[in-house]
1. Sort out which residues of the stretch 59-75 are assigned to a strand (DSSP E or B), of a type in the set (G, A, S) and open to solvent by 10 Å² or more (accessible area, probe 1.4 Å), and write them in order of number.
2. Considering only the stretch 199-253, state which residues are among the hydroxyl-bearing types (S, T, Y) and open to solvent by less than 20 Å² (accessible area, probe 1.4 Å).
3. From the residues in the stretch 258-282 that are among the hydrophobic types (A, V, I, L, M, F, W, C) and away from the ligand (no atom under 16 Å from the Cβ), which one is farthest from L88 (Cα to Cα)?
4. Hey, H36 hits all of (1) in a loop (DSSP other than H, G, I, E, B); (2) more than 16 Å from the ligand (Cβ to nearest atom) but one; which does it fall short on?
5. So which of A207, A183, A188, A165 is small (G, A, S) and in contact with a Ser or Thr (Cβ under 9 Å, 6 or more places away or on another chain)?
6. Can you work out which of the residues in the stretch 31-49 that are within 12 Å of P321 (Cβ to Cβ) and among the aliphatic types (A, V, I, L, M) is surrounded by the most Cβ atoms within 10 Å (Cβ to Cβ)?
7. May I ask you to list pairs of residues, at least six apart or on different chains, whose Cβ atoms are under 6 Å apart, with the first in the stretch 229-240 being in contact (Cβ under 8 Å) with a residue 24 or more places away in the chain and the second being among the acidic types (D, E) and open to solvent by less than 20 Å² (accessible area, probe 1.4 Å)?
8. Filter the stretch 229-247 down to the residues that are modelled with pLDDT of 95 or more and away from the ligand (no atom under 14 Å from the Cβ), then identify the one that is farthest from the chain's Cα centre (by Cα).
Amino acid sequence: MRAALYRDLGKADEVFHVEEVDRPEPGPDEVLVRVHASGVNPTDYKARSGAVPRPVDGFQIPHHDGAGVIEAVGAGVDPGRVGQRVWLLMAAAGRRWGTAAEWTVVPERQAVPLPDGASFELGASLGVPAMTAHHCVLSDGPVNGRTVLVAGGAGAVGHFAIELAKRAGARVVTTVSSLDKAALAEKAGADLVVNYRSPGAVDRVKAFGPVDRVIEVALGANLELDLAVARPQATIVTYAAEAANPVLPVRACMTANIMLKFVLLYGVPTTTLEQAAADISAALAAGELTGLPVHKFPLEDIVAAHEAAESGAVGKVLVTP
Ligand SMILES: NC(=O)c1ccc[n+]([C@@H]2O[C@H](COP(=O)([O-])OP(=O)(O)OC[C@H]3O[C@@H](n4cnc5c(N)ncnc54)[C@H](OP(=O)(O)O)[C@@H]3O)[C@@H](O)[C@H]2O)c1
């Protein structure tokens, strides 16, 4: 099969090769999936560049996320799954078979049925972002009637955080940095969109009402705003590390009586992930999840795809094997 892969860590144009490799066979409890779309996430290029390295087992085909059709199943898997449309999660976690190839093999629980109405493009956009958003928004119980602040509402995680919080009955305010990102956040359903670079940002969020839960992409940059708008006992859930670690203003955090929480998808228990995946599929089936605008690259252009993602393309970067 054709696959994009690297053997060494480094810049995309220095380490990527697109070549033929033997197609993997599904082992026990695994499925073979024909990949129709492969999603690029920051974790994929951070692993490839060595910024947050993962061990390379000879070669690494990148990308956790993808969508396609099950073509074969291993022992212990219901043969009725052959032909099923699926979205994939964590395909490259501890394995060399990421989704940037014509086929991939994953444990069957990481191939989640994709409802008929949902496109492969949307399916390939879900894994890391929607699962992270789901855990950040809902891991401490229902948010119905609560006020949720999503920092960076036009980002991949932020987008699904808005949609999942709205689906769960929350009031949602989000922050963005430009008009085009504001339009995306509005389309996702945010009740209020605020440019965090504008002088009145804190007052505009405050006027929306005290915030119960913050879904935070940049804790250091936004903590002052978060503390200013948070209700006592609010939770700030951080899922991204900034280039420099923030200095924590302990007295201000105490005064605000807030809770700080940190999430890394790789460490979330399997049962929690399975529940989140089922809930995301239900949201898909109900038509309540949408995709960001996509930037599609053929497999041969894997370098350009990674460079686009790394340079902050607005929307979702996909590779189509
Ligand atoms: N913990 C986990 O398990 C986990 C899971 C998924 C992703 N992540 C990490 O989360 C980060 C985002 O991932 P992603 O896929 O959502 O990336 P993305 O699609 O590039 O979105 C990031 C968004 O954050 C916004 N942003 C940056 N600085 C901001 C600030 N100070 N205030 C508000 N928004 C800000 C960006 O817009 P502007 O720059 O225009 O503001 C952009 O829209 C990455 O570092 C990724 O590695 C972690």
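1. Filtering the stretch 59-75 for residues assigned to a strand (DSSP E or B) gives 60-61, 65-73.
Then drop every residue that is not of a type in the set (G, A, S), which leaves 66-68, 72.
Passing the criteria: only A72.
2. T235, T238
3. I258
4. With (1) in a loop (DSSP other than H, G, I, E, B); (2) more than 16 Å from the ligand (Cβ to nearest atom) applied to H36, the lone miss is (1).
5. A188
6. Here the answer is V33.
7. Note: pairs meeting the criteria are I236/E216; I236/D226; T238/E216.
8. Among residues in the stretch 229-247 that are modelled with pLDDT of 95 or more and away from the ligand (no atom under 14 Å from the Cβ), the one farthest from the chain's Cα centre (by Cα) is P232.
The values are calculated or read from the model by the stated rules, or taken from the named source; none is laboratory data. All of these numbers come straight from a predicted model, not from anything done at the bench. Because the Cβ atoms are built from the backbone with ideal geometry, glycine has one as well, and the counts that use them run over all protein chains shown. Areas reflect the complete protein model, heavy atoms only, side chains present, ligands, DNA and RNA absent. Shrake-Rupley method; radii C 1.70, N 1.55, O 1.52, S 1.80 Å.
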